[in-house]
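In what follows, a single structure is set out as structure tokens and then discussed.
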Amino acid sequence: MDYEPPFLEIYKHLLQNSHGVGVNDIRNDKTECCELPLIDLSRLSLDHVEREECMEEIRGGARTWGFFQVVNHGVSQELLQNLRHEQMEVFRNPFSTKSGENFLNLPARSYRWGNRSARDLSQISWSEAFHMFLPDIARIEDQHQSLRSSIEAFASAVAPLAESLVQILAQKLNIKISYFQENCSANTSFLRLNRYPRCPFHSRVFGLLPHTDSSFLTVVNQDQIGGLQLMKDGKWVSVKPNPQALVVNIGDLFQAVSNGMYRSAKHRVVGAEKVERFSVAYFYNPRKDAVIESHMMPAVYRRFTFGEYREQIEKDVKETGDKVGLPRFLLKRHGHNDTPRNKFYHQK
């Protein structure tokens, strides 16, 4: 099919020379299926007791799982179905078209696929995506107006949901109410359309590599195929899809500002042999110059900017092939201030 990325071509050498070593060594085929905490957001509009209990369930999911599901979230099923249809259509464009310059009139690198720098099977990613900075959505060409309208409708519906959840999570963190209003908006967030093609090597490679999100939080709508897994108590567990729910997960930035109270849980996607999978994710991010720090003491992580965090991730991925993330920003418990902390203050 002319719309499939050339996975076999770029991964051929690794697949032929793997000698059976791959994700089978990492993924436990007996992975337990879990149901994430399911939270009915309609309770936020009820009496004080119901509202407080609902908010505590949200914070509890963020503490214990780093993931939770929400229903009655204000995003209609019709909107989600329309976006899924448009998402499937845009990925059906020939690979030569969607990987070409200025497809959809989006910036370079908006369309991404695979991992062409993979050195072994554990680094293979069998998926493709359109990753968009929200202000760029308006640039999508008129010939793709229905796609643009569906994406804009989804972003407009999810943005207030993300903001509401962020404010609830922040209540116990001694953060100024205005912090998120000043540093985050729809114009600083990202949206990602994901497709996981059928994979003949689904037991040996990942659909999406294990990672944590570099956001405050992420809101995901996934289809019913399944494949999302997260790390819980040192074990990988599979997330059972819920057709009525959106999945919410905590990102690195919330783990940092919460001083580790909330968990940015490692997660991944495993592929399927006979069916393709689709999802869409909304990443609630701040401005590049937003300062990330905990207001609870003793602080676990040093102060840093979101821009600095992204630069460090890019450097690590380039040098090691993997994201190191928050461990790079841990404060030393002994001796003087470390060099990165001093560097941050010199740059201010």
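The values are calculated or read from the model by the stated rules, or taken from the named source; none is laboratory data. These numbers come from a predicted model, not from an experiment. Counting neighbours? That spans all protein chains shown, and the Cβs are built from the backbone with ideal geometry, glycine included.
Some notes on this structure:
- Candidate set from region 199-257 (those that are among the β-branched types (V, I, T) and touching a helix residue (DSSP H, G or I) at 6+ places or on another chain (Cβ under 7 Å)); member that is surrounded by the fewest Cβ atoms within 10 Å (Cβ to Cβ): T212
- Subset of region 10-45 [modelled with pLDDT under 65, touching a helix residue (DSSP H, G or I) at 6+ places or on another chain (Cβ under 8 Å) and small (G, A, S)]: G22
- Output for region 99-117, where each listed residue is within 20 Å of the chain's Cα centre (by Cα) and of a type in the set (S, T, Y): S110, Y111
- In the set (1) part of a helix (DSSP H, G or I); (2) crowded, with 17+ Cβ neighbours inside 10 Å; (3) under 18 Å from the mean Cα position of the chain (by Cα); (4) not aliphatic (A, V, I, L, M), H144 fails one condition alone, (3).
- Test result for R51, at pLDDT 95 or above, basic (K, R) and either under 20 Å from the mean Cα position of the chain (by Cα) or surrounded by 15 or more Cβ atoms within 10 Å (Cβ to Cβ) (or both): no
- Residue pairs meeting the criteria (Cβ under 7 Å; at least 6 apart or on separate chains; first on the phi > 0 side of the Ramachandran plot, in region 168-192; second surrounded by 12 or more Cβ atoms within 10 Å (Cβ to Cβ) and in a loop (DSSP other than H, G, I, E, B)): N174/H295; N174/M296
- Of all residues in region 88-125 being out of contact with any strand residue (DSSP E or B) (no Cβ under 8 Å at 6 or more places or on another chain) and among the basic types (K, R), the one that is farthest from T320 (Cα to Cα): R92
- For S125, the criteria (1) modelled with pLDDT under 95; (2) surrounded by fewer than 19 Cβ atoms within 10 Å (Cβ to Cβ) hold in every case but one, which is (2).
- If you go through region 243-275 and keep only what is assigned to a strand (DSSP E or B) and either more than 19 Å from I292 (Cβ to Cβ) or at pLDDT below 95 (or both), you end up with L246, V247, V248, H267, R268, V269, V270.
- Whichever residue in region 39-91 is assigned to a loop (DSSP other than H, G, I, E, B) and touching a residue at least 60 places away in the same chain (Cβ under 8 Å) and, among such residues, is farthest from L193 (Cα to Cα): W65
- Scanning region 217-242 for residues that are of a type in the set (A, V, I, L, M), out of contact with any Asp or Glu (no Cβ under 6 Å at 6 or more places or on another chain) and not in a loop (DSSP other than H, G, I, E, B) yields L217, V219, V220, L228, L230, M231, V239.
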